[in-house]
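Notes follow once the structure below has been shown.
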Amino acid sequence: MSGIGRDAAGAARAVAHANIALVKYWGKRDEALMLPATSSVSLTLDAFYTTTTVTLLAEGEPDVLELDGARVTGPALSKVARFLDLVRSQVDPELAGRGARVHSRNDVPTGAGLASSASAFAALAGAASTAYGLRLDRRELSRLARRGSGSASRSVFGGFVVWHAGDLQDPVAGDLTSFAEPLPVAEGLAVAMAVVVLDAGPKKIASREAMAHTVATSPYFPAWAERTEADAAGALEAIAAGDLTRLGEIAEASALTMHASMLAARPAVRYLTAQSVAVLDEVEALRAAGVGAWATMDAGPNVKVLCAAADLERVVATLRREGRRVLPARPGPGLRIETTA
Ligand code: PMV
């Protein structure tokens, strides 16, 4: 953290990068505290990020939200205001009554369909906590970001990151122990991601709803949760050992197992399209041709392909087709709290 102006409550700006899970988070054990059913493992990317400025308003003023220059009201503003309330519940009484103006900009290639709640809530956690004069360390920031969007806890850190499920027995202990942290990485493990953009539109169904529906109705959910703890442990070992093949195999299996759990929900949640499956075939063909490449998909049809940094150009060139965008991405940095306005 740069620390510039961290003592001066009033305004702060933060930048956070999106992350893609290699071992997925899908399902909460506590909706209010945003405690996940399992641990997850991710890679923070350089290419997509959110810059958020929070400026305190006068006592009693309502919160204001601006996204990419446009004033936003309705559910998006309510979600941000609830998050600010959480911050305000921890601050000095003379600041707790002040509303805030939140200005947020997403730097993602236009129409890439990758606007991310992970980078958004990590940036908001950094900027809001600083503007309201809270001095949070990285772990505390990760726990705070988690309350906005689970995956945001991971965007507090750069590179490979684990988000611990935390204590499963007791919610209070779980709240303290469910945070993200950066992972030790074997020297020489240089990875990249090719992001295949198939659909840039909004999600059919928000991940929050789809997750809750999967937990409530999918007979495969318990199997998914059990398998995921083992996959998270395996991914940590693979990252520490520099074993990209093992990591890639775990990542592709985790994504497909997550989608299987939602396909078994009643009614099914289906984000993958025929085009997603076509990309999976192409990734398999790359592997058959000797190129290490593994696919992962989130709450949408887009496919992200993990590979060695040295293979990125070839993977991008192979997956590019008429009318299909493929964006190269590399590991990105953790949250930066850059300045006060
Ligand atoms: O944090 P949310 O509510 O946006 O959920 C993220 C869910 C997935 O992207 C599908 C998986 C993950 O671990 O990021």
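Okay, here's what the table says:
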read-out	value
Failed condition for residue 153, given (1) under 11 Å from the mean Cα position of the chain (by Cα); (2) modelled with pLDDT under 95; (3) among the hydroxyl-bearing types (Ser, Thr, Tyr)	(2)
Any hit, region 24-31, residues being within 30 Å of residue 190 (Cβ to Cβ), touching a Pro at 6+ places or on another chain (Cβ under 9 Å) and at pLDDT below 95	no
Candidates 80, 161 - the one that is of a type in the set (Val, Ile, Thr), touching a strand residue (DSSP E or B) at 6+ places or on another chain (Cβ under 9 Å) and under 25 Å from residue 330 (Cβ atoms)	161
Matching residues, region 186-206, being at pLDDT 95 or above and either within 27 Å of residue 31 (Cβ to Cβ) or in contact with a strand residue (DSSP E or B) (Cβ under 8 Å, 6 or more places away or on another chain) (or both)	190, 191, 192, 193, 194, 195, 196
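For (1) more than 16 Å from the ligand (Cβ to nearest atom); (2) closer than 23 Å to residue 208 by Cβ, each residue gets a yes or a no:
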{"residue": "31", "(1), (2)": "no, yes"}
{"residue": "37", "(1), (2)": "no, yes"}
{"residue": "52", "(1), (2)": "yes, yes"}
{"residue": "57", "(1), (2)": "yes, no"}
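The values are calculated or read from the model by the stated rules, or taken from the named source; none is laboratory data. This is a predicted model, so every value here is computed, not measured. Cβ atoms come from the backbone with ideal geometry, glycine included; neighbour counts cover every protein chain shown.
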